[in-house]
Amino acid sequence: MSASLAASDPSIKAAAQTTGPSPAVMGTYARQNLVFARGEGAWLITAAGDRYLDVASGIAVNVLGHAHPRLVAALTEQAEKLWHTSNLYRVEGQERLAERLVGVTFADKVFFCNSGAEACEAAIKAARRYHFVAGNPDRWRIIAFSGAFHGRTLATIAAGGNPKYLEGFGPPVEGFDHVPFGDLAATEQAIGPETAAIMIEPTQGEGGVNIASAEFLQGLRALCDKHGLLLVLDEVQCGMGRSGKLFAHEWAGITPDLMAIAKGIGGGFPLGALLATEKAAQGLTPGTHGSTFGGNPLATAVGCAVLDAVLEPGFLDAVRQKELRLKQALAAVKDAHPDLVEEVRSQGLLTGIKVKVAPAEVVKAALAEKLLVAGASDNVVRVLPPLNIADEEIAEAAQRLSRALDRLSPPAT
Ligand SMILES: *Cc1c(COP(=O)(O)O)cnc(C)c1O
């Protein structure tokens, strides 16, 4: 944030005057000095009663907004019965959610965990073990893409390949070969005798809302079939209705062998999952992988409620309608600020605004207008509203964003 912006804005000044973040919390995030007391739909509300329009959705997590009555009911009902048993026993909600997911996707099997990184980690392990049990222990390398983000564990930062996230953590986990996103020829060239799988986000989120073309995804599917590789999709961010389909790969008319999901699937309750075909799941036999909390009764009760809502007739049609509205509204914002906005791209309600200033400046200026957006890569601002955001709220978000941009001066050229 520029000093002048803070000085000129009383709401930011007021926030800065409250007690700052506790030093007891480890400093792994560059947080806004802002605390919310409660949420209602697309709104987050401070203890002082200030209302912020939230089109960041906890980074594409709150697909039904905050405090959705159906999710609150699902969680509190379960909370009164049973919280946790571990995976030493059958978990009813887990079986119900797995069967629901299997019923509406390519998958035959589901493994539950608690986060996106864990889901990706499970996908990597499943891909390697698949070849191991098939008698090909030398096939363990995975082709991944520039701009990828798969999480913050040691294996997933290696899969992501972003030098910023790898620095200082010792030798990266071996076995990831990176090629340019969208380059089919380079992908085929990178395939060797040790290649086990190709791993990709159909639409990159953290990388700046980069949308793989249907042809590219179809090409990857064909390469996997030709070379006996597993196609691993990371739909942690673009999945669960965010793209306007239940899962983004449906736009390309292909199916993966493995798919990591998280973020939106718990609607705000921590939940991740690895979906697999029967074949791709064959390596993960008893004792090969696990998670104490994975698929616990609270998480899966909420997961079932989220899936029910997203699969209700008309819900995904409405997401696509809202995308059109948001696109139109943001096109007007771009027209009004050609010196600041370069491009708007979207798939469903996963929207990236390519800006000519640092995204953090836009995030700060939006805060001053009580609008919550999220940065991505070094030149993109994401608008990721709840999938059930109201049309008036879309218009309101665009107006606030436009006013936020009014606060910024274009980059010096
Ligand atoms: C957020 C994200 C992850 C990591 O999820 P966490 O829950 O933060 O571990 C992995 N892949 C993609 C595509 C993501 O957007």
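Only residues that are within 16 Å of the ligand (Cβ to nearest atom) and surrounded by fewer than 24 Cβ atoms within 10 Å (Cβ to Cβ): list them for segment 254-280, please.
Residues of segment 254-280 that are within 16 Å of the ligand (Cβ to nearest atom), as a first pass: 256, 258-275.
Matches in segment 254-280: 268, 269, 270.
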Original post:
Which one of 160, 207 is out of contact with any helix residue (DSSP H, G or I) (no Cβ under 6 Å at 6 or more places or on another chain), buried (at least 19 other Cβ atoms within 10 Å of the Cβ), under 21 Å from residue 289 (Cβ atoms) and not charged (D, E, K, R)?
Top reply: 160
Original post:
Filtering segment 105-120 down to residues that are open to solvent by 20 Å² or more (accessible area, probe 1.4 Å) and more than 9 Å from the ligand (Cβ to nearest atom), which residue is nearest to residue 286 (Cα to Cα)?
Top reply: 111
Original post:
Counting just the residues of segment 221-248 that are away from the ligand (no atom under 16 Å from the Cβ) and in contact with a strand residue (DSSP E or B) (Cβ under 8 Å, 6 or more places away or on another chain), which one comes out most open to solvent (accessible area, probe 1.4 Å)?
Top reply: 227
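With the condition kept exactly as written, say whether any residue in segment 82-101 is among the aliphatic types (A, V, I, L, M) and farther than 18 Å from residue 265 by Cβ. Don't jump to the end; show me each part of the working.
At the first step, the residues of segment 82-101 found to be among the aliphatic types (A, V, I, L, M) are 82, 88, 91, 97-98, 101.
From the residues that got through so far, the ones that are farther than 18 Å from residue 265 by Cβ too are 82, 88.
Yes.
Restricting the search to segment 378-413, which residues are charged (D, E, K, R) and open to solvent by 10 Å² or more (accessible area, probe 1.4 Å)? Quick ask: steps written out before the conclusion?
Of segment 378-413, the ones charged (D, E, K, R) are 378, 382, 391-393, 396, 400, 403, 406-407.
Across segment 378-413, the qualifying residues are 378, 391, 392, 393, 396, 400, 403, 406, 407.
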**OP:** With the checklist (1) assigned by TED's automatic domain parsing to the domain that holds residue 205; (2) more than 16 Å from the ligand (Cβ to nearest atom) in hand, flag the one item residue 86 doesn't pass.
**Re:** (1)
Original post:
Based on what the data block shows, is residue 170 part of a loop (DSSP other than H, G, I, E, B), away from the ligand (no atom under 16 Å from the Cβ) and at pLDDT 95 or above?
Top reply: yes
Subject >> Close pairs (7 angstrom Cβ cut-off, 6 or more residues apart or separate chains): within 12 Å of residue 395 (Cα to Cα) in segment 315-326, modelled with pLDDT under 95 and loosely packed, with under 13 Cβ neighbours inside 10 Å anywhere >> reply: none
**OP:** Inspect segment 184-203 for any residue being open to solvent by 60 Å² or more (accessible area, probe 1.4 Å), closer than 25 Å to residue 262 by Cα and part of a helix (DSSP H, G or I) and give the result as yes or no.
**Re:** no
Original post:
Does residue 293 meet the test of being within 16 Å of the ligand (Cβ to nearest atom) and open to solvent by 10 Å² or more (accessible area, probe 1.4 Å)?
Top reply: yes
**OP:** Check 91, 72 and return the single one that is away from the ligand (no atom under 16 Å from the Cβ) and open to solvent by less than 20 Å² (accessible area, probe 1.4 Å).
**Re:** 91
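Within the group 217, 230, which residue is touching a helix residue (DSSP H, G or I) at 6+ places or on another chain (Cβ under 6 Å) and either of a type in the set (Asp, Glu) or more than 20 Å from residue 156 (Cβ to Cβ) (or both)? Working first, answer last.
Values: 230 fails: either of a type in the set (Asp, Glu) or more than 20 Å from residue 156 (Cβ to Cβ) (or both).
Of the residues listed, the single one that is touching a helix residue (DSSP H, G or I) at 6+ places or on another chain (Cβ under 6 Å) and either of a type in the set (Asp, Glu) or more than 20 Å from residue 156 (Cβ to Cβ) (or both) is 217.
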Subject >> residue 251, sole failed condition from (1) closer than 18 Å to residue 233 by Cβ; (2) of a type outside the set (Asp, Glu); (3) open to solvent by less than 70 Å² (accessible area, probe 1.4 Å) >> reply: (3)
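For segment 243-268, name all the residues that are outside any helix (DSSP H, G or I), within 18 Å of residue 66 (Cα to Cα) and within 9 Å of the chain's Cα centre (by Cα).
Residues of segment 243-268 that are outside any helix (DSSP H, G or I), as a first pass: 243-247, 253-262, 267-268.
Next, from what is left, pick out any that are within 18 Å of residue 66 (Cα to Cα): 262, 267-268.
262 - this is the single residue of segment 243-268 that is outside any helix (DSSP H, G or I), within 18 Å of residue 66 (Cα to Cα) and within 9 Å of the chain's Cα centre (by Cα).
The values are calculated or read from the model by the stated rules, or taken from the named source; none is laboratory data. Keep in mind it's a predicted model, so treat the numbers as computed, not measured. Neighbour counts run over all protein chains shown; Cβ positions are idealised from the backbone, glycine included. These area figures cover heavy atoms from the full protein model, side chains too; ligands, DNA and RNA do not enter into them. Shrake-Rupley method; radii C 1.70, N 1.55, O 1.52, S 1.80 Å.
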